[in-house]
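The values are calculated or read from the model by the stated rules, or taken from the named source; none is laboratory data. Here the structure is a predicted model, which means the values were calculated and not measured. So basically every Cβ, Gly included, is an ideal-geometry build from the backbone, and we count neighbours across all protein chains shown. The area values use the complete protein model at the heavy-atom level, side chains included, leaving out ligands, DNA and RNA. Shrake-Rupley method; radii C 1.70, N 1.55, O 1.52, S 1.80 Å.
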2 protein chains.
Amino acid sequence: MLALTKASGYGILALGYLDDKPEDTVVSTREISEVFGMPSELLAKVLQRLSKRGLLKSHQGRGGGYSLARPINAISLTEVFEAIEGPIEISVCLKEGGEEHCDMFEYCTIKAPIEQVQNRLIELFNTIMVDQITLDLLECPEKTYLSTSRA
Amino acid sequence: MLALTKASGYGILALGYLDDKPEDTVVSTREISEVFGMPSELLAKVLQRLSKRGLLKSHQGRGGGYSLARPINAISLTEVFEAIEGPIEISVCLKEGGEEHCDMFEYCTIKAPIEQVQNRLIELFNTIMVDQITLDLLECPEKTYLSTSRA
DNA sequence: TAATATCGGACAATTTTGCTCGTACTTTAC
DNA sequence: GTAAAGTACGAGCAAAATTGTCCGATATTA
């Protein structure tokens, strides 16, 4: 539970990598995927979503790639997660449309409070900028990387 | 991502149900599972874990069941989640033993910062007590219930 | 026009989660 | 003491999400 997806990890690493380059440098998906050893097709999707959300600028054609649309100290974790994984939802019951409402239970004692928890989670991620994740520790003892947990 | 498991939802609802009863009332797994329409075998596991962690007292034999070991305003979400799902881990890289260290990546720019995010998450859940989830809203408009999200 | 990119959908593999079944073991009631 | 009601626990299956792959289309530059 509450584990970050690999896709989000890829995205954060890519943002950090772009930030290490001079401003407005355009970097291809392949370069990033080779540097970190990520599957390039998956990273490609992640970068697409980030650019769709306006966090990256895409440059098509030969010599193209992606560049930062904003400095990463102005990009919150909330934005990254929602760009890559969609809206942060702790529970489906909180969805707008309500198509998947569960009528199989007698009591609903926790819907609104759970939503409050969700909001506090989002607030927390709002306050954390990507640079706080990527810039702090460039000299890491072990060669290790973000991946999902196994409960 | 970041979705609560149904098991945690079951646990929180069960804790709330027990709290509605007079103090030290013993309630069987079957009663709770029938009230909420949960699969009793799964709920049984959840309650076992909660009692193993000291959040519930188990009463074996005929007429047995579970009772609250503590008032639910003294039980944090962290305790519930860790009892039911194990330690809160955003990433496997942060594990103690380090058996699953990933040596497939060149750079590790985010390990320690990610751990800080994890700690802030745990702190957040430390401050939220179960009663804040269960007691607030007994008059819920729709019959709905906590379940996991679908990204 | 050829090479190199981003796009985007469809799909298989893998992992996690949710759930079921079966079999112990404990205690209470009779 | 025996049976019933309950917890304790583990193996195993099904569903769902995540991850990774493949393929074609489009855009841009050399």
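Brief remarks on what is shown
- Between identical copies, the spacing of B:Gln116 label points, each set 7 Å from Cα toward the C-beta atom, reads 2.9 nm from nearest to farthest.
- Inter-site label distance for B:Gln60 and B:Lys21 at 7 Å from Cα along Cβ, in nm: 1.9 nm
- Taking label points 7 Å from Cα along the Cα-to-Cβ direction, A:Glu115 and A:Arg53 give a separation of 2.3 nm.
- Buried area at the A:B interface is about 6000 square angstrom, summed over both chains, from accessible surfaces computed with a 1.4 angstrom probe.
- In nanometres and ascending order, the distances from the B:Lys57 label point to those of the other copies are 6.7 (point 7 Å from Cα along Cα→Cβ).
- Per residue of B:2-9, other chain Cβ atoms within 10 Å of the residue Cβ number 6 on average.
- On full extension, the segment bounded by A:Thr127 and A:Ser28 gains 32.7 nm, given 0.36 nm per residue less the C-alpha separation.
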